[in-house]
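To keep things clear, I will list the structure first and then write my remarks on it.
The values are calculated or read from the model by the stated rules, or taken from the named source; none is laboratory data. This structure is a prediction, so every number in the text was calculated from the model and none was measured. Here the Cβ positions follow ideal geometry from the backbone for every residue, glycine too, while neighbour counts run over all protein chains shown. Note: accessible area is taken over every heavy atom of the protein model, side chains too, but ligands, DNA and RNA are not part of it. Shrake-Rupley method; radii C 1.70, N 1.55, O 1.52, S 1.80 Å.
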Amino acid sequence: MKKVVVQHHRNRSPHSSISFVKGQSGELKNLQKFDNVILKKGKAGMKQTFKKAATAAIFVLISTSMMAPLSFAQLLQEQEKETTLLSKEQLQETEAFHIGVLAYLWGYPLVMNHNHRLAMSAVEKPLPSGIYAPLNVLNPSRRLLGPEWKARFASHEVIFGQVWLDLSEEPMVMEIPDDHGGRYFSISFYDYRGDLIRTIGTRATGGKGGEFLLVGPHFRGESFPTLNVIPCPTRYVYGQGRIVVKKEDPAEIATVVNIMRQYYSVIPYSRWLDPSLPPKPFQSSEKVNPGLVPQDLQFFHILGETMKIVSPREEERGMYALFKTIGLSEYGFDYGALGEHAKAGLKKAVPEARQMMVSRAQSLFTYTSGWFYPALATGWSGLRFLDRAAMCYAFDPFAGLAVEQLCPRTNTDIHGEKLDGAKKRYKLHFKDGLPPVDGAWALALYDNNGIMFGNPANRYSISSITSGLEYHKDGSLTILIQADEPTDQKEKCNWLPAPKGEFWLMLHLWQPKDKALKGKWKLPGVEPTNDLLHRNKPSLLK
């Protein structure tokens with residue numbers, strides 16, 4: 001539409017103008033008449049006309065401003081007529097329900113991490129199998145992890161060590177060697193909420209170790225000029241370390257086990273200052289005490305136990321005031337003080353909050369060619385408690401940064417059908433190059449519960465450390481995924497055994513390169529090769 005500009009050259013600034021779009025003919029004529037009146041009457045008339053126009057405009061504005069609140073008030077009155085009032089008992093139940101949902105989402109990572117500490121460190125001494133150990137004791141695995149560990153989506157290519165630190169009495173010194181023989185390594189520390197505090201390793205510190213002093217939130221002591229100080233916001237801190245082996249060989253595995261067992265150490269600060277002090281006795285975590293709380297409200301009981309341990313952040317104090325109305329405080333969960341209606345509201349809150357959390361977890365992944373790619377922004381929580389709970393549920397209570405480890409997963413083929421070794425054979429062909437990493441990569445197979453699939457071949461993954469793989473002439477690699485053992489010897493070299501049932505695949509990328517993190521490299525889809533009725537087939541590797 002043509003734009004028209006009417007300019008007034010008399011008794012006003014030469015830069016003034018009134019502009020509008022042609023087509024609004026009534027408004028245009030009115031403005032033109034008003035303009036002609038102003039031009040004819042001269043200065044005195046113009047003042048009088050403007051005075052009348054201004055008065056009219058003010059009247060319209062006042063009338064409008066008076067009518068708007070009245071209209072909104074009427075709207076509220078109409079809404080109130082349609083609102084069913086709750087009884088006192090219903091109000092108590094509804095209030096407890098809504099506050100309970102918030103408490104569940106906020107507290108889910110705390111409860112999971114609390115249970116993890118109790119399970120992993122409630123022992124009197126380090127267990128020979130590794131991993132399980134009292135507080136302040138690092139007890140590395142003595143071999144590569146396999147299905148016997150019953151750990152969900154565990155990695156088979158690493159020697160793994162973890163430690164729960166109790167910083168309530170004094171700081172702890174963590175000694176980490178510089179020399180790992182060119183192997184990828186990392187050790188990350190997390191607070192009781194699951195937030196990442198610090199990572200030391202190949203990527204984070206350029207492969208340098210050192211002596212690191214972990215200081216709890218309530219320690220008041222001297223400065224530590226000769227140590228790398230890591231301030232920790234919670235009394236309990238979880239440390240998780242990994243060293244990737246170069247090849248699946250007994251001598252190599254023994255070397256890596258020795259690095260973690262001999263050169264990684266956790267020392268109380270007092271004994272680090274004075275090595276002549278005797279070692280402190282082992283300190284195990286307390287046993288789980290369910291109290292008198294029924295099973296369907298045990299979550300809030302455990303959350304109350306963690307609130308005794310973890311001091312509130314400044315931004316959480318308002319929520320603590322809310323939580324007191326449902327019996328939750330820094331003194332625990334006061335189940336006995338709740339009325340029956342409040343208890344009923346909390347019982348309804350648990351499945352509702354869990355449904356929200358599980359639903360939110362679905363959006364943390366992107367989906368490409370059948371593979372679920374996790375969100376890159378893991379390792380910290382912020383104030384979005386639903387996201388924090390969903391990350392804890394979908395990934396791990398201690399989800400690290402994707403720049404250290406990126407793990408796409410799938411349980412469907414490229415056509416969207418469930419992976420099932422009883423029905424089909426599959427292949428994964430890396431035609432666009434092997435996974436881009438600075439550390440290592442591994443394609444691991446798990447049963448439908450996420451546990452490594454035990455098989456007679458004792459092969460749980462195919463990775464950058466797998467020896468004897470057969471590559472195509474162009475350098476690409478095809479991995480065969482099936483329940484039955486291939487008869488062709490070349491195919492057998494690239495065989496990843498599958499169960500006769502549904503299963504999962506996960507690709508572990510240790511220190512992935514930018515093109516993997518930025519989505520410039522994507523995994524190919526898992527292709528079904530044939531059904532199990534066709535036994536005679538040409539070799540897929542030729």
What FRET efficiency do you get for Leu127 and Leu376 if R0 is 35 Å and r is their Cβ-Cβ distance, rounded to the nearest 0.05? 0.50
Using per-residue counts of other Cβ atoms within 10 Å, averaged over each peptide, order 171-184, 448-461 from highest down. 171-184, 448-461
I need the peptides 130-136, 144-150 ranked by packing, meaning the mean over residues of other C-beta atoms within 10 angstrom, with the highest value on top. 130-136, 144-150
Excluding ligands and nucleic acids, what accessible area in Å² is computed for Val288 using a 1.4 Å probe, to the nearest 10? 100
Backbone HN-Hα couplings from phi across the stretch 439-451 [Karplus 6.51/-1.76/1.60, Hz, Gly and Pro as x]: x, 8, 9, 7, 9, 10, 10, 10, 6, 5, 9, x, 9
Could you report the stretch 154-298's accessible area per residue, 1.4 Å probe, as an integer in Å²? 45
Of all DSSP beta bridges in the stretch 131-232, what percent run antiparallel (nearest 5)? 70
Cα centroids of the stretch 247-287 and the stretch 399-438: how far apart, whole angstrom? 36
The stretch 226-368 - percent of accessible surface contributed by carbon and sulfur, probe 1.4 Å: 55
Towards the positive end of the charge dipole of the stretch 336-437, with charges on Cβ (+1 Lys, Arg; -1 Asp, Glu), say which of Gly370, Pro397, Leu434 has the farthest Cα. Gly370
Taking the DSSP beta bridges in the stretch 375-532 as the whole, what percent of them are antiparallel, to the nearest 5? 90
Would you mind computing, in nm to one decimal, how far apart the modelled labels at Leu85 and Asn289 are, each placed 7 Å from Cα along Cα→Cβ? 4.5
How much of the calculated P(r) for the stretch 93-161 lies past 18 Å, in percent of all Cα pairs? 55
I'd like the Karplus ³J(HN,Hα) series for the stretch 415-422: coefficients 6.51, -1.76, 1.60, θ = phi - 60°, whole numbers in Hz, and an x wherever there's a Gly or Pro. 9, x, 8, 4, 5, 8, x, 7
How far apart, in nm, are the 7 Å Cα→Cβ label points at Phe365 and Asp334? 4.3
Hey, what's the stretch 416-542 come to in accessible area per residue, 1.4 Å probe, Å²? 48
As I understand it, the dipole of the stretch 154-245 uses +1 on the Cβ of Lys and Arg and -1 on the Cβ of Asp and Glu, about the Cα centre. Which of Pro231, Ala204, Ser168 lies farthest toward its positive end? Ala204
Expressed as a whole number of Å, what is the distance separating the alpha-carbon centroids of the stretch 109-163 and the stretch 346-363? 28
Just want to confirm a number: the relative contact order over the stretch 140-188, from Cα pairs under 8 angstrom separated by 6+ residues, in percent. 30
Most to least accessible of Thr83, Thr368 (protein chains only, probe 1.4 Å): Thr83, Thr368
Keeping the other protein chains in place, figure out the carbon and sulfur percent of the accessible area of the stretch 388-542, with a 1.4 Å probe. 47
